[in-house]
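As C-alpha cells, the structure follows; a few thoughts come after it.
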Amino acid sequence: MKAQQDLQRASRMKPWEPVLWLLAFAAPLLFPTHALIVNEIAILGLFAVSLDLVLGYGGIVSLGHAAFFGLGAYVSALFCKHVHPDPHLALLVSMAAAALLGLAASFTILRGTDLTRLMVTLGVALILLELANKLDWLTGGTDGIQGLVFSPVLGRFEFDLAGRTAAYYSLSVLLLLFLVARRIVHSPFGATLKAIRDNRLRAMAIGVPVHARLVAVYTIAAAMAGAAGGLFTQTSGFASLDVFEFHRSADTLLMLVIGGVGWLYGGLAGAVVFKLMQDWISGITQQYWGFWLGLFLVVLVLVGRDRLLKPWTWWRKASAARPPVGAGPLLQDGGGSE
Amino acid sequence: MLTILFDGIAYGMLLFVLAVGLAVTMGLMNFINLAHGAFAMTGGYITVLLMQRLDVPFLVCLPLAFAGTALLGAVLERTLYRPLYRKPHLDQVLFSIGLVFMAVAAVDYYVGSTQQIMQLPQWLKGRTEIGSLGMGHYRLFIIAVCAALTVALQFVLARTRFGSRLRASVDDQRVAAGMGINVNLVFLSTFAFGSGLAGLGGALGAEVLGLDPSFPLKFMIYFLIVVAVGGTSSITGPLLAALLLGVADVAGKYYIPKMGAFIVYSLMIVILLWKPNGLFVRQGGKA
Amino acid sequence: QDNVFKIGLVLPMTGQQATTGRQIEAAARLWMAQNGDTVAGKKVQLIVKDDTSLPDQTRRLAQELVVNEKVNVLAGMGITPSALAVAPIATQSKTPLVVMAAATSSITEASPYIVRTSFTLPQVSVAMADWSPKNGIKSVVTLVTDYGPGLDAEKYFSERFLFNGGKVLEKLRVPLRNPDFAPFLQKVRDLKPDALFVFVPSGAGAAVMKQFGERGMDKAGIRLIGTGDVTDDDQLNDMGDVALGVVTSHHYSAFHPSPANKKFVADFMKANKNLRPNFMAMGGYDGMRVIYEALKKTGGKGGGDALVAAMKGQIFESPRGPVFIDAQTRDIVQNVYLRKVEKKDGQLYNVEFDVIKDVKDPGKSKQ
Amino acid sequence: MSELLRVEGLSAGYGEAVVLHDISFALGQGQTLALLGRNGTGKTTLINTLAGATRQHGGSIGLGGAALHKLPSHERAKAGIGWVPQERNIFKSLTVHENLTAVARPGAWTPQRVYEMFPRLAERKTNLGTQLSGGEQQMLAMGRALVVNPKLLLLDEPLEGLAPIIVSELLRAISRITRQEGLSAIIVEQHPLAILDISDSTVVLDHGTVVHADRADRLRNDPELLDRLLGVAR
Amino acid sequence: MSEVVLSCQGLVKRFGGIVATNDVSLELRRGARHALIGPNGAGKTTLINLLTGVLDATAGRIALEGQDITQLAPHQRVRRGMVRTFQINQLFATMTPLETLGLVVSQQRGLGTRWWRSLGSDRGVAERAQQLLEQFHLAEVANQQTEHLAYGKRRLLEIAIALACEPRVLLLDEPVAGVPAGEREELLQTVAALPAEVSVLLIEHDMDLVFSFADRMTVLVNGAVLTEGSPDEIAANPQVKAVYLGYENEAIHV
Ligand SMILES: Nc1ncnc2c1ncn2[C@@H]1O[C@H](COP(=O)(O)OP(=O)(O)OP(=O)(O)O)[C@@H](O)[C@H]1O
Ligand SMILES: Nc1ncnc2c1ncn2[C@@H]1O[C@H](COP(=O)(O)OP(=O)(O)OP(=O)(O)O)[C@@H](O)[C@H]1O
Ligand SMILES: [Mg+2]
Ligand SMILES: [Mg+2]
C-alpha cells in the first residue's frame, strides 16, 4: 500500500549507507597511518550521535553531555583497575552506569527554557568534574587513572600502537549502537520524540506522555555517551579529568551542528569534518589554527551548510527564504503544564 | 563579615557589567551571542594597550573601551550579525563560537598569549578600613560605576519607549517595521550598546579577573550563569543574580574553602530547578 | 631517511598553557640554532604538535609521531596528565620521553624511558620550607591551586616546614578556574600568619600579588613567599612594584649571574622579539642538550634503550647552574635558589641571594 | 472628494515568485474599499505590499501625492499607513499597553481612545500579548493600527473570530471613523455582504489580477455577479 | 436523555487578578452536539484548556465517564478519549501530514513505545492514516512538510489529528476560523458525521454554523455560565442577544 511504503521510506536503508560504512571500515586499512584518528573520530561520532538523540530528536539542548561520557570513561577505568581488564564487560558497565546517571539527571531537564537546560546540564557535568577532582583516592585527582591495560578485544586482538585494533573496536561499537539509534528514530517511539520536539503542547494533546519519553531518550542517549567514554578509556589506557570538561560537551555540540541536527549521520559527518579540519590546520599552524577553524564556522553559517558543503548548488540562485528547520527558539518556554 | 560581603558585592557587580550586555542581546534581541566575552576582551585589551603603550590615564580608557567596543559591535552587526537574527539558535551558537576562536587566535597573534597586567592609578590602589570593614578602593570604584550604570540602563529601558520598540522588533520584525519602527536601527544600536557594555566590563574586570586571549572562553560560563539565573527579561534580574552569585561565591570560598567550585554550580542548579525561567520573569497580567 | 633523527615535541601551543609551549619551542629552536642540526652525522628534525593541554590529544599525537613519523625521541609535555598519558607509549615503543615542563614528582616513575629536565615541585618547595623558618617566619598559610602540582607543593612545603618547627595555620586550595582571589586572601589576612606560601600556575601569580598588595597584607605584616612560578620571568616585568621584595625558591632565574646564562638570555631575547626566557624555556633548552648529548654518545645506534642509557648520568653546566640527570630516577638534580624580586636597570628580576645545592627530588628520596 | 491612494501597474510577490500582476485602482479620502476575492487570490499580498512587507516588482503606489513604493516599510507608517495584518501578529512579549505605546504617533488616536472603543482591552492593559483571547488580540491589532494615526487603514479580515455583537459594533465604528474623521480604509473580508454595506467601492481579485472594480452598491445588489465572482450565493 | 459523559463542577481559573473561569459547571451528554458561545474573552478557550488539562484549575472538579480526572495529566485524559483541537494550529512543523497521522494513529493504538519496528511497519496504522488523509482532502499533499502547506490544508490537518485520536469526547475551538466560507460547511459535516455516541463541544463565532450544528448551547459571559438551552431558546433569549448576538446579527450573516 502506498501510504505504508511512504511511511517506511525514511527508515529504509539507502544504497549509499552500506557504502559509507564499508568505506569507514576500510579506512584503517587504506590509511594505516591514520588509524588513531579514525578511532578518535569513531568515538566522537558516537558521542555526537548520542547528543543528536537528545537534541535533534528530543529537542533538548545540552552543554553537559560530557557528564555521561566522563562517567563512562571513569567507570571503565575503575572497572579495569579494580575488577577485570575485559574491555567488553567494562563497556557494558560503563553504559549501565551512564544510563543510571542519565535517568537521574533526566529529571532536571524536563522543565524550563532551553537556556535553563543548557545551564543545568552544564552544571551537572561541572559538578561531576569537581567530584572527580576531589575524590582523588578513587579517581587519582588531577593525575587521573593512568596506565591501564585492557585485555585483548574478543580475546584475540591486542590494542596495538598503530591503533588498528582500537579503530576497529570503536568502529564496530559505533556501528552497532548507530543501528540501534537508527531503529529508534524511525520507530513510532522516535516519531513521538520528533512530535515532542516540534510541538510539546500538541504532543500532549494526542496522548504522548511527554516527560516519560524525554526521560527514556535521555537515558538511552546517556548510555550511548557512556559507551563512547568507555571506548575512550579503553583505547587510550587512561581517564583524566578533562573527560568531564566543558569543552568536550561544547565541541561535540559544534560537531553536531556542523553536520546537521536531527539527522543521525549529521553527528558523524560533523565529527569527521571537525576533527580532520582541526588536525590538518593545527599541523600547519600550531599556534593559530583556532583562527582558521573559527573562520570556517563563521563562513559555514553565513554561507549556509547546504551551499558550502554541496558545491553543485553554488551556481544556483539562492532559493526563496524559508523558515529554518531545526531546534526551536532557545529562550522560549519548552511549554507544557506546570 | 562585612569585608566578605563587600568583596562579594564588588565581584557580583563586576559580573553584572560583564554579563548585562549579554542579557540585552540574548534576552531582548533573542540572539545567542557567545562571542560576548570576545567583546569584553576587546575592551580589556583596548584599556591595557592604551595604558601600557600610550600612557593614557585609566579614567580616559574606560569610555574609550566602551566606545571602541561599541563601534566594533556596530560594524560587525552591519556586516556579519544581521543575517543571523533569523537563523536557528544553534547556527547562532556555531557562528559566535567561530568568532570567539578567531578573536582568541587574533589577539594571541598580535598581542601574545601572556596575562596582561594593568597598572592602576595610585588613587585606586589604596584601601580604607572602617572598623572591621576593609574596602579596596578599586572595588569601591567598581561598585560605584556599576550602580550608576544600572540606574541609567533601568531608565532607558523602563522610562523610554526604546525597550518596548526593541522587544516589538524582536517579536516580529516584519510587522514592527510595518508599524513604523526602524528595526535595523533599533537592532544596530542595541547590539552596539550591548557590545560597548561588554567592553566596559572587560576594561573594569581586567584588573580583577586577569586578561589573556582565553578570556572569552574562560568566563563564558559565568556570563551564561548570570543571565540564566537572572532571567532574560529585565535588567534587575541579572543584577540580583550577579550579586547573589558574587556574594555566595566569595562567602562560600571564605567560610568553606573546601567546597570550592561546588557552590556556584550547585546554587545555579538549585535555583534553575526551582525557577526554571530564572529568578525574575516578565509575567504581565498581575494588574 | 636513515640519516634523520626526529624529535617529536608535543606541547600546549594554544589555550591557557600556551605560554609554556611557546617558551619551550623557542628554547628548543634556539638550541638548534646555536648547535647546528647535524649531530653524529644525523640531521636532527624537530616536529612540533599542539595538544591544547588535553592528555588524550597528547597521547594520540605522541602515538602518531611514534608510529607514523617514527620519531626517535618524544619530548615536551606541558602538564602532568599529558606526560602520564604518554608514558605507556614510551614504554611500549621504547622511545625516550624527555619531559620538559610537567612537574609532578611521580612522572618519572611512570615509564623507564622518561627523563626529566625541568624540575619537580617538591624540589623547590622544600627549599623554601628550609629557608623560611631561619628567616623569621614561624607560621604560614599555604595557598595553592587545586590540582596535581599545587597539591605537591602544599604537601612537601608544609611537611618540611612542620619538621623545621614552623606552624601551618591553614591550607587553602583555590579551584583551577577561579576568577577572584579575594575570599582566600581575606581569610589569610584574618589568620595573620607570618607569611603566605603560594603556588599558582604562572598566569595567576600576578593577580595574587596584586590583590595581596591591594588588601594591604604586606602592611599588616604578612610576607609573601612561594615557588618561582608566582614570579615567573615571563611576566614579572608587567607585574609592577607589588612584586618587589617577594621571596621565592626556584631552580632558574633569567638573572642568574653566569656567563652561560647571560648568553642564553641575550640570544633568546634576540630571537624572540625581546621575550624573556623563563624556567619553561630552560627545561626545553636543557632537554635538547640532553638529547643531543645522548645522540652524540650513541651515534644514533642502539635505539631508545641506548639513548636513555646515554641520557642517564649526564652532568653539565646549564645556564641555570650545574645540573645532573640522576641515573637511578632519571630525574633532574639541580641547585635551588632563593630569590628576591628587585629592580635592576629599570626591570624587575628574581635576584638570587641564597642557594641550596644539588637538590634531589624529595618525592623520590622519601621512598 | 480628493484622492488619497493611487495604485498603478503594481506587481509584487514573495522572493522570486510574483503573486500580483498589474494591479491598478484608486481610493478617495474618507472612502472605504472592500477588497474581495476567493481564497489565495492575493488579497493579503496586496495589503502587505501596500504596507511594504512583500517584494515589489513593478508599478507605483501614491499616497496623498507621496511615492509610497519608494519608502522602506517603517517610513510608510509615518507617511500614513495603518496596518492590521491577517494573522494579528500581536507583539507577544509586550503588554497590551506597550503594544499600543510602542508604535503610537501623535494625533487624534491615543491609547486612551482605543480603550474607550474596546473597554475589554482596558481591563487587560497589563496582560502580555500571548495572554489575550483570540478576539482580544484582534481588537488590539485594530487599536494598534489606529494609534499610528494613519490616513489609510489596511484591514485584513478584521472581523475574523470576533463575537457577532462586536462585529456589528466594529463595522459601525469603521464607517463612523471614515465618514467623520476623513480616514480611508481598505477592508478584506470573507463575508462580502457584511462589508459591502459600509463600503463605497470594491475591488475583486482573482489569480492576482483585478477582475472587477466598481461602486460597492452595484455588487451588493447583483446576486448573480456576486455568485460569479465570489461564489457567494443567496 | 442519555448519560452524562463529561462534566465539571465549580471550575475556577484565576490569572493573577483576572478570573477567566468563574465557577463553571457544565454537562456534556453522550452523542451531544453542544455549542459553547460567548463574547470575546469570555473564557471559552480557557475552559477547554482546563478540561483537557493544559491549564490547572484553581478550583473545581472534572469528571469523564464518571471518573474524576481533575488531577490527570493532559496525555492521560487523551487516553481516556477526550481530544481537542486548538484555536491556533498546533502542528508538527517538520513532519508530513502522513507521518503526523501515522504517528497519531500508532500512539492511539498503544504502539507509541515501540522502538524496534519502523513507523510504517504496522499495516493497520498505515491504512487508517491513508483513510484520514483522503477524508480530509490531504492525500495530494500527504508527503509535503507541514510547515509549507497552505493555511487551509493545515487547518484540515489540525482537525484530522483530533479525529485520528478516535475521540469519545471531542472539543473543537473555532475549528473553521480562517477556512473560506464555502469549505466551512463541509468541514463541519465531517464532524457531524462522527458516530452518534461521540460527544462534541464546539466553540464558534459563526452563528450560521453554530445554529445548524448544535442541538444544545451554553453561553459563557465573563467566565461564568449565563444560560444553557436548545438553539431556539438561546436565539430567543434577550440577554444573549444583548451581550453576544447583537440585534443586527441577521444583517451580518445573511
Ligand atoms: N510567504 C509566502 N511565500 C510565497 N508565496 C506566498 C506567501 N504567502 C502567500 N503566498 C502565495 O500567494 C498567493 C496569494 O496569497 P494571499 O495570502 O495573498 O491570498 P489571500 O487572498 O489573502 O487568501 P486568504 O483568503 O486565504 O487570506 C497564494 O497562492 C499563496 O500561496
Ligand atoms: N495566561 C493568561 N494570563 C492572564 N490572562 C489570561 C491568560 N490567558 C487568558 N487570559 C484572559 O482570560 C480571558 C479568557 O480568555 P479565553 O481565551 O478563554 O477567551 P475566549 O472566550 O476563548 O475568547 P475568544 O472568543 O476571543 O477566543 C481573556 O480575557 C484573557 O485575556
Ligand atoms: Mg489573506
Ligand atoms: Mg478563544
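What the table shows:
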{"quantity": "Once the Cα gyration tensor of chain A is diagonalised, semi-axes √(5λ) in Å", "calculated": "31, 25, 21"}
{"quantity": "Set of lysines with alpha-carbon distance to A:K2 below 28 Å, sequence-local pairs under 8 removed", "calculated": "A:K14, A:K194, E:K153"}
{"quantity": "Label-to-label distance, nm, for residues given as E:D215 and E:A196 (7 Å Cα→Cβ offset)", "calculated": "0.8"}
{"quantity": "Cα Rg over Rh - the range B:2-274, Kirkwood", "calculated": "0.97"}
{"quantity": "Equivalent ellipsoid dimensions for the protein assembly as shown as semi-axes, Å, which come from the Cα gyration tensor, largest first", "calculated": "67, 36, 29"}
{"quantity": "Segment E:E183-E:S25, length gained on full extension (0.36 nm per residue, minus Cα span)", "calculated": "53.5 nm"}
{"quantity": "Ordering of A:111-124, E:231-244, A:44-57 by burial proxy (mean other Cβ atoms within 10 Å per residue, highest first)", "calculated": "A:44-57, A:111-124, E:231-244"}
{"quantity": "Over chain D, relative contact order from alpha-carbon pairs under 8 Å, at least 6 apart, %", "calculated": "27"}
{"quantity": "Estimated FRET transfer efficiency (A:V83, A:V303; beta-carbon r; R0 45 Å; 0.05)", "calculated": "0.30"}
{"quantity": "Spatial separation of Cα centroids for the range C:309-324 and the range A:28-51, in angstrom", "calculated": "42"}
{"quantity": "Antiparallel DSSP beta bridges within chain E, percent to nearest 5", "calculated": "55"}
{"quantity": "Within straight-line cross-link reach of C:K70, aspartates and glutamates at Cα separation under 13 Å, skipping those fewer than 8 residues along the same chain", "calculated": "C:D2"}
{"quantity": "Pairwise FRET efficiency - B:L140 versus C:N237, Cβ, R0 = 30 Å, nearest 0.05", "calculated": "0.55"}
{"quantity": "Cross-link table C:K155/C:K357; C:K6/C:K297; C:K187/C:K210; C:K210/C:K262; A:K81/C:K49; C:K187/C:K219, entries beyond 20 Å C-alpha to C-alpha", "calculated": "C:K155/C:K357; C:K210/C:K262; A:K81/C:K49"}
{"quantity": "Space enclosed by the convex hull of the alpha-carbon atoms of the range B:58-198, per residue, Å³", "calculated": "169"}
{"quantity": "5 Å binning of all Cα-Cα separations within chain E, expressed as whole percents from 0 upward", "calculated": "1, 6, 13, 16, 18, 16, 13, 9, 5, 2, 1, 0, 0"}
{"quantity": "Solvent accessible area, Å² - D:H21, 1.4 Å probe, full protein context", "calculated": "80"}
{"quantity": "Karplus-derived HN-Hα couplings along the range C:151-159 (A = 6.51, B = -1.76, C = 1.60, θ = phi - 60°), whole Hz, x at Gly and Pro", "calculated": "5, 4, 4, 4, 5, 6, 5, 6, 4"}
{"quantity": "Peptide-level mean, for C:205-215, of C-beta atoms on other protein chains within 10 Å", "calculated": "4"}
{"quantity": "Estimated D of the range C:279-367 in µm² per second, where Rh is the Kirkwood radius over Cα pairs and Stokes-Einstein applies at 20 °C, 1.002 mPa s", "calculated": "145"}
{"quantity": "Isotropic mean projected area of the C-alpha convex hull, the range E:100-220 (nm²)", "calculated": "8.6"}
{"quantity": "Whole-number percent relative contact order across chain C, with pairs defined as alpha carbons under 8 Å at least 6 apart", "calculated": "18"}
{"quantity": "Spin-label pair B:R78/D:E75, simplified geometry with 7 Å Cα→Cβ offset, distance in nm", "calculated": "1.8"}
{"quantity": "Whole-angstrom gap from the range A:71-91 to the range B:186-241, using each part's C-alpha centre", "calculated": "42"}
{"quantity": "Normalised per residue, the volume of the convex hull around the Cα set of the range C:1-118 (Å³)", "calculated": "91"}
{"quantity": "Accessible area in the full protein assembly, largest first, 1.4 Å probe, for C:T52, D:T130, C:T104", "calculated": "D:T130, C:T52, C:T104"}
{"quantity": "Pair D:D217, C:N274: separation of 7 Å Cα→Cβ label points (nm)", "calculated": "9.3"}
{"quantity": "Taking the C-alpha atoms of the range B:42-93, convex hull volume expressed per residue in Å³", "calculated": "81"}
{"quantity": "Centroid-to-centroid separation of the range C:181-200 and the range B:1-30 [C-alpha atoms, Å]", "calculated": "25"}
{"quantity": "Alpha-carbon gyration tensor eigenvalues x 5, square-rooted, for the range B:141-287, Å", "calculated": "31, 20, 14"}
{"quantity": "Estimated Rh, chain D: Kirkwood, alpha-carbon pairs, angstrom", "calculated": "17.9"}
{"quantity": "Kirkwood hydrodynamic radius (C-alpha pairs) into Stokes-Einstein, the range B:1-64, 4 °C and 1.567 mPa s, D in µm²/s", "calculated": "95"}
{"quantity": "Set of aspartates and glutamates near D:K70 by C-alpha distance (under 20 Å), chain-local residues within fewer than 8 positions excluded", "calculated": "D:E3, D:E8, D:E16, D:D22"}
{"quantity": "Value of D in µm² per second that Stokes-Einstein yields for chain C, Kirkwood Rh from Cα pairs, at 37 °C (0.692 mPa s)", "calculated": "160"}
{"quantity": "Calculated FRET efficiency for the pair D:R6/D:N39, C-beta based, R₀ 25 Å, to 0.05", "calculated": "0.35"}
{"quantity": "Net +/- balance of residues flanking E:G60 in space, Cβ distance below 12 Å, scoring K and R +1, D and E -1", "calculated": "0"}
{"quantity": "Accessible-area order (highest first, 1.4 angstrom probe) of the listed residues C:R177, B:R86", "calculated": "B:R86, C:R177"}
{"quantity": "Potential lengthening between B:L2 and B:V156 on full extension [0.36 nm per residue; Cα-Cα distance subtracted]", "calculated": "52.2 nm"}
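The values are calculated or read from the model by the stated rules, or taken from the named source; none is laboratory data. Not measured: the values here are computed from a predicted model. Cβ atoms come from the backbone with ideal geometry, glycine included; neighbour counts cover every protein chain shown. The area values use the complete protein model at the heavy-atom level, side chains included, leaving out ligands, DNA and RNA. Shrake-Rupley method; radii C 1.70, N 1.55, O 1.52, S 1.80 Å.
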